[in-house]
Structure formats: C-alpha cells, structure tokens
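Reviewing the structure listed below.
Nothing in this text is a laboratory measurement; each read-out follows from the coordinates by a stated rule. Since the structure is predicted, the reported quantities are computational estimates derived from the model, not experimental observations. No Cβ is skipped: glycine too gets one built from the backbone with ideal geometry, and neighbour counts run over all protein chains shown.
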Amino acid sequence: MRHRFFSARDLAAGDVVTLDADERHHARVVRVREGEEVELFNGHGAGFFGIFEGDAVRLTAPAPERESPAELHLAMAIIQLEKFELVLQKATELGVRSIIPMITDRVELRPERYQGKQERWRKIVFEAVKQSGRTRIPGIEEPQKFDDVVGREGTKIIFDADVQPLTTDNRQPTILLIGPEGGWSERELDAARRAGCAFAQLGPRRLRAETAAIVAVALTITR
C-alpha cells in the first residue's frame with residue numbers, strides 16, 4: 001500500500017510538488033524512503049502516483065479514479081458526538097460529496113455541545129479521505145435547521161422506519177436525510193411531504209441513527 005500525501009495545488013504529470021510542514025512530518029512518522037513510490041492528491045478530485053524525493057514528490061502518472069459518479073450529500077441529524085463522528089468517517093469512506101449536520105425537532109444535544117466542532121470534524125473527514133484513497137475532500141457545512149435543508153432545490157430522500165414509501169422512481173438522489181435517535185416529528189414528516197421529498201425505508205428492522213446513515217449511503221451510492 002502506497003503512502004498518501006496531500007497538496008492543495010493543481011497537479012500534473014512531471015510536476016515536482018514540495019510537501020507542506022504537516023505532510024513532511026507525516027512522511028517522517030511513517031518513514032517514507034527516498035525513491036519510494038507514493039501517491040499525492042489535491043482534495044479537488046486529482047490524484048497522481050509519484051516518487052518521493054526528500055521533501056517533495058515528483059509526479060509520474062495519474063492514480064486510478066476512485067470517486068463515485070453519484071453526487072450524494074448526507075444531511076445527518078446531530079446525534080451523540082462519538083456516533084456522529086463515526087458517521088462522518090464512514091460516509092466519507094463511502095464517497096459522499098458533502099455532509100450537512102442537521103438540527104431536528106428531537107435532537108437531544110444542547111447547541112453548546114456541537115458548536116465549534118467544525119475543525120475537528122474537518123480533520124476526521126480529511127483522515128478518512130487519506131485512508132480510503134479518495135481524491136476529493138467532502139465539505140462539511142455549519143449546522144443547518146431541518147426546514148432549511150428540506151426546502152432546498154433538487155432531489156431529496158428522507159429515511160424513516162415507520163413511513164411507507166410514497167415514490168418509486170429512480171431519480172438520482174442529491175440529499176439523503178437521516179433523523180436523530182428519537183426519529184422524525186410529525187411536523188417534520190409533513191414538511192418533507194410538502195417539500196416533495198421521496199420516502200424510503202431500510203428494511204423491516206429499526207436501525208440506530210448512525211447505522212441508518214451508513215446503510216443509506218452505501219445502498220444509494222452503489223445504485
């Protein structure tokens with residue numbers, strides 16, 4: 001397995017890219033050898049193989065495309081933070097384009113518990129990108145209210161264990177909405193219907209919120 005490094009610049013075969021301080025430190029920690037083949041990605045969809053030369057990488061050839069063609073965004077209710085961060089990691093590994101932390105009627109955490117977490121969340125996503133071989137870093141929005149998310153343009157699918165599917169078409173989804181541990185309120189379900197959301201279930205069993213998010217992304221992104 002090749003070691004992977006990050007540079008935000010545009011990449012092209014033949015370039016010699018000097019690593020920043022954090023990536024040079026990473027290279028020392030993992031003991032990359034001079035002349036070893038490594039991989040470099042820029043977070044915007046470009047990835048290249050290259051040869052490690054001191055504090056730089058000489059790019060040789062494009063790396064295989066590992067990004068999903070589906071433009072999938074996950075709107076995830078803010079649940080217990082350790083579980084929410086697991087969802088960030090796994091959704092990134094599975095290939096989502098962005099993650100929208102969502103404030104729903106039954107979110108149990110007080111706002112002060114999740115405010116100011118953006119930098120930590122971005123780091124979790126970045127590490128998942130590095131580990132999984134992706135070349136694009138998903139965005140993480142500031143926490144958004146359910147009504148603002150459900151009112152966005154585009155296709156939306158809301159997952160709920162107790163609501164029968166209302167649509168059966170095969171439109172490409174753009175936003176998947178996953179509720180908190182206590183489920184959706186009736187007000188939210190009504191708002192979703194009025195906003196034209198498609199409804200879906202994940203089987204006959206009731207899943208934990210973090211499990212539902214991972215399963216919903218996995219099933220949808222591989223269609």
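Taking the C-alpha atoms only, the angle from helix 81-94 to the longest principal axis of the chain is near 60 degrees. When you filter the GluC sites (Glu not before Pro) in region 120-223 for DSSP loop state and at most 12 other Cβ atoms inside 10 Å of their Cβ, you are left with Glu153.
For the chain, the number of Lys pairs separated by eight or more positions or lying on different chains, with C-alpha atoms closer than 20 Å, is 8.
Between Arg136 and Gly45, the built amide H atoms are under 5 Å apart, and every one of these is 5 or more places off in sequence or on another chain. Highest GNM mean-square fluctuation among Lys130, Lys83, Lys156, for the chain modelled with Cα contacts below 10 Å: Lys83. One quarter of the convex hull surface built on the alpha carbon atoms of region 63-114 amounts to 4.3 nm², the projected area averaged over directions. To test your reading of the geometry: what angle, between 0 and 90 degrees and rounded to tens, separates the Cα axis of helix 118-132 from the longest principal axis of the chain? Helix 118-132 sits at roughly 60 degrees to that axis.
In this Cβ point-charge picture (+1 for Lys and Arg, -1 for Asp and Glu), region 73-221 has a dipole of about 440 debye about its Cα centre.
Just to check I understand the Karplus step: with θ = phi - 60° and J = 6.51 cos²θ - 1.76 cosθ + 1.60, what whole-Hz values come out for region 179-191, glycine and proline as x? For region 179-191, the Karplus-derived couplings read x, x, 4, x, x, 7, 7, 4, 4, 5, 5, 5, 5 Hz, x marking Gly and Pro. Annotation: amide H of Met102 within the under-5 Å range of Met76, Ala77, Ile78, Gln144, sequence separation 5 or more or interchain, hydrogens built in the peptide plane.
Restricting to Cα atoms and excluding each atom paired with itself, what does the Kirkwood estimate give for region 73-221 in Å? Walk me through the intermediate numbers first.
Working: mean 1/r = 0.0651 Å⁻¹.
Final number for the Kirkwood radius of region 73-221 is 15.4 Å.
Against the chain, whose longest principal axis is taken from its Cα atoms, helix 209-221 shows a tilt of about 70°. Between region 1-42 and region 108-154, the C-alpha centres lie 26 angstrom from each other.
So for region 21-73, taking the charge dipole from beta-carbon charges (+1 Lys/Arg, -1 Asp/Glu), which of Leu59, Gly43, Leu72 sits furthest toward the positive end? The residue sitting most towards the positive pole is Leu59.
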